[in-house]
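Q: Input: one structure, supplied below.
Taken together, the values in this text are just the output of simple stated rules run on the coordinates, not laboratory data. Predicted, not measured: the structure shown is a model, and the values here were computed from it. With ideal geometry, Cβ positions are generated from the backbone for all residues, glycine too; neighbour counts draw on all protein chains shown.
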Amino acid sequence: MAHVRIGTRSSPMALHQAEQVAAALEALEPTVTTELIKVTTSGDQWMGDLAKLGGKGAFVREIDRNLLQGCVDLAVHCLKDIPGDVPVIEGLSFAAFLPREDIRDAVISRTGAPLAELPAGAMVGTSSVRRAAQLRLHYPHLEIKPLRGNVNTRLMRVDEGHFDAIVAAVAGLHRVNEAHRITEILPLEMMCPAIGAGIIALQCRTEDAGIRALVEQLNDAETDRHATAERAMLHALQGHCNSPIAGYASSEPNGKLTLRGKVFSLDGSQWLDSHHWGVPEEPAALGYFVGADLLRQGARRLIDSIAH
């Protein structure tokens, strides 16, 4: 009999994800039992600029510490929250990536009007520099203001009239049963997603062969390839927490892997774009190639020009 202690953030979305993983593990083998261990992260406690908190890893580092210390056996993370410019912490490994969900971003507006129809100066809330840069590029008539908190908190701020609209992940809205609030879903050409968007990653201790063997059964091979390609690109770019970097991998009908990567200035006035294809057997090679192409176009100068 295996008892798996699952480390998770305590937000409604994180708990939904962890419960999904617990149910999947228990369905694998009748002897498996699970327990959710709620961990409050520094990212959950701090409502200011994440860059002042050290930015990267603010939503995962306490859970990872619990994992390393043996307080939990498995960590459930949104892949986009795990820093990609540095290797995974020594002693921890990815055990599985669940099938990828919707990677797009959605708008929830107070009046039900899409972004293009909001009046000049309308306030749109987001704490993501990636979203803010692309909103400023495509909707210069809007006022983009920082807004932190879990998705339920951000929806409440719209309802209270503090913001005219917010932008949130489609997948996240579905996870907390708020997809009915969506005003419009932004096309990928207009709002390129975060690296790892829509992917739930499961991490365990590298030495824990039993847990790893169990959890690996949940791994989705296609999502694994996409995650590997995207994170290789991010590693090549060596961005910081204030870097508006976006991109997504996908599989084409002929089996080829494709990766789109973009780097923006904070105001969206400058951007770089790279789109290439590779073989599915070498996702990391494709990621490094796209990252190198963006660096060749001047990504280092763009990233380093932004304070962090």
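Q: For the peptides 171-182, 110-121, what is the packing order when you average, over each peptide's residues, the other Cβ atoms within 10 Å and list the highest mean first?
A: Going from most to least packed, we get 171-182, 110-121.
Q: Per residue, how big is the convex hull of the chain when only Cα atoms are used? Give it in Å³. Mind showing how you got there, number by number?
A: Values: hull volume 39.8 nm³, N = 308.
About 129 Å³ per residue, rounded to a whole number.
Q: Report the calculated FRET efficiency for Ser93 and Glu282 (r = Cβ-Cβ distance, R0 = 22 Å), to the nearest 0.05. Don't skip to the answer; put the middle values down first.
A: Numbers: r = 20 Å, r/R0 = 0.92.
In this case the efficiency is close to 0.65.
Q: Let me ask something additional. Can you list the GluC sites (Glu not before Pro) in the stretch 202-308 that are in a DSSP coil and have 13 or fewer other beta carbons within 10 angstrom?
A: Filter output for the stretch 202-308: Glu207, Glu281.
Q: Just Ala221, Ala197, Ala249 to compare: in a GNM of the chain, with alpha carbon springs under 10 Å, which one fluctuates most?
A: Ala221
Q: What would the Debye equation give as log₁₀ I(q)/I(0) for the stretch 62-151 at q = 0.11, 0.12, 0.15, 0.17 Å⁻¹, counting only Cα atoms as equal point scatterers?
A: One equal scatterer on each Cα of the stretch 62-151 leads to -0.51, -0.58, -0.77, -0.86.
Q: Using unit Cβ charges (K, R positive; D, E negative) and no other charged atoms, how large, in debye to the nearest 20, is the dipole of the chain about its Cα centre?
A: On the way: 30 positive and 37 negative charges, 166 e Å.
Approximately 800 debye in magnitude.
Q: Let me ask something additional. 222 nm [θ] for the chain, helices only, -39500 (n - 2.57) per DSSP H run of 4+, per residue, to 500?
A: -9500 deg cm²/dmol
Q: Let me ask something else. Would you mind checking which residues have amide H under 5 Å from Val39's amide H? H placed 1.01 Å from N; only 5 or more apart, or other chain.
A: Amide H neighbours of Val39, under 5 Å, 5+ apart: Thr8, Arg9, Ser10.
Q: Given the alpha-carbon gyration tensor of the stretch 105-185, what are the semi-axes of its equivalent ellipsoid in whole angstrom, ordered largest first, with each equal to the square root of 5 times an eigenvalue?
A: 18, 13, 12
Q: Additional query: Just report the Cα centroid separation between the stretch 226-302 and the stretch 163-219, whole Å.
A: 19 Å
Q: Let me ask something else about it. What are the DSSP H helices in the chain that stretch 18 Å or more along their long axis, judged by alpha-carbon atoms, and whose average Kyte-Doolittle hydropathy comes to at least 1.0?
A: For the chain, where a helix must reach 18 Å along its axis and average at least 1.0, there are no hits.
Q: Scaled to the compact-protein estimate 2.2 N^0.38 Å, what is the alpha-carbon radius of gyration of the stretch 230-304, rounded to two decimal places? Mind dumping the intermediate values first?
A: On the way: Rg = 12.2 Å, N = 75, 2.2 N^0.38 = 11.3 Å.
After normalising by residue count via 2.2 N^0.38 Å, the value is 1.07.
Q: Debye calculation, C-alpha points only, no solvent: report log10 I(q)/I(0) for the stretch 144-273 at q = 0.13, 0.19 Å⁻¹, in the same order as the q values.
A: Those come out to -0.75, -1.27, one per q.
Q: Taking 0.36 nm per residue of sequence separation and subtracting the Cα-Cα distance, how much length would be gained by fully extending the chain between Glu222 and Ala179, in nm to one decimal?
A: Values: separation 43, 0.36 × 43 = 15.48 nm, distance 2.54 nm.
Fully extending the segment from Glu222 to Ala179 adds 12.9 nm.
Q: Given the options Pro30, Pro83, Pro280, which has the most mean-square fluctuation in a GNM of the chain, springs set between C-alpha atoms less than 10 angstrom apart?
A: For the chain, modelled as a Gaussian network with Cα springs under 10 Å, the answer is Pro30.
Q: Run the numbers for Ala23 and Arg300: contour at 0.36 nm per residue of separation, minus the present Cα-Cα distance, in nm.
A: Answer, rounded to one decimal: 95.4 nm.
Q: With labels modelled as points extended 7 Å from the Cα through the Cβ direction, what inter-label distance (nm, one decimal) is found for Thr31 paired with His308?
A: Placing both labels 7 Å beyond Cα along the Cβ direction yields 4.6 nm.
Q: Just Thr34, Thr258, Thr126 to compare: in a GNM of the chain, with alpha carbon springs under 10 Å, which one fluctuates most?
A: Largest GNM mean-square fluctuation: Thr34.
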